[in-house]
Each structure stands twice: as structure tokens, then as C-alpha cells.
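Everything below concerns the one structure shown next.
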Amino acid sequence: MRDTGLVLRPATDSDAGTVRDIAWRSWATAYGPFVPEDDRRVFFDEFYGHEGHRRAVRSERSLFLVAEDRGAPVAFVLAAHARGRVHLHRLYADPGRWRHGAGQALWDALVAWSRRRGAERIEFEVATEGDSGPRFYRKQGCTPVRERVMPVGGTPVRVTVYEYRLTAPS
């Protein structure tokens, strides 16, 4: 069942802790079985710091939105545009809110933003062993391109690189 109080708004400096908390809960649910908590913590300390958050909020080439339901943040998206493509860095929803429409609303906003920027495609990585991420992106029409290994702390994690074509291939 979809909630009706969903609002998308630009992320602000004060969202850093909230964004980290949403991502942490999402990772624990989706990746907990194969990424130990200590390794997740190392990854989060590197990629979810206040300074990086502040740069992303201020970047002219980034889309950084928070989805709120009745004033409570429930999901977010962070992507950046460069050289004709958009790289999706993060799209996470609080696991208690999965399948309530926030992820879909953020994806739709990302696609519209990417098209306005003239991008040809959206690219991103998703943990191959995860269930929720690959299922969500396949539903969107994204195509797996290749697989690689990415270190998360001391754990090597297989990730699938996906692509979403915004324009028809030549």
C-alpha cells in the first residue's frame, strides 16, 4: 500500500546523520548476511562523513534528494552528472518503508533529472548477493553490464554494474 504523504526535497547539511542512519539500516537488512558489521562501519566512516555530505549538498552536478513521509525522512538518492552519464551513488530507503513508494519516487526523479541534464545513461553498482537492490533495479529496466569485486572494509563484495539507458543505443 502506498502512502500519500510522500514529499521529495533537496538534502541539506542537517540531513547528514539521518541519511547515514537510513543507509545503515538498509545495509544491515540487505547486506548483513554477507558484510560483517565491523566492515560496514569502516565503509560508512569513509563514505558517510559530514564533509562529504556537505560537498554533495552543494554540488552543482549532483542530485541529492530526501523523501519524507509526513515530515519524517524515509529514503534518499544521491547521483552525479559527468561526461554524458549519471552515476547513481546511493538510493536507500528505510527497510521498514520498503515497497511504500519512496524508492520508486526517487528513481523517477533521478530519471527525469538525468534526462534534463542530457545524460545518455545512468550507471551504478549493486551488491550481487543482495536481493532487494537487484530486484528493484531490474524492475526499472536496468541492465547488468559486468561484475567486479569491491572491498567493504576487509570483506571483498561482488557487485554488479548496472546501466539504465536514457536514450536508444545507436
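Each of HIS81, HIS87, HIS50 was scored by other Cβ atoms within 10 Å of its Cβ. Arranged with the fewest first, they read HIS50, HIS87, HIS81. The Cα atoms of the chain cover 44, 38, 36 Å along the three principal axes, with the biggest extent listed first.
Among TRP98, TRP27, the ranking by other beta carbons within 10 Å of each residue's beta carbon, starting with the fewest, stands as TRP98, TRP27.
Multiplying the residue separation of ARG83 and ARG146 by 0.36 nm and removing their Cα-Cα distance gives an extension gain of 20.6 nm. Kindly state, to the nearest 0.05, the FRET efficiency for VAL161 paired with ASP131, given R0 = 22 Å and r defined as their beta-carbon distance. In this case the efficiency is close to 0.80. Remark: SER14, SER132, SER26 ranked as SER14, SER132, SER26, counting other beta-carbon atoms within 10 Å and listing the fewest first. Counting only Cβ charges, +1 for Lys and Arg and -1 for Asp and Glu, the dipole size of the stretch 6-122 around its Cα centre is about 580 debye.
Quick note: the coordinates plus some simple rules give every number you see, no bench work behind them. Because the structure is predicted, anything quoted here is derived from the model rather than measured. No Cβ is skipped: glycine too gets one built from the backbone with ideal geometry, and neighbour counts run over all protein chains shown.
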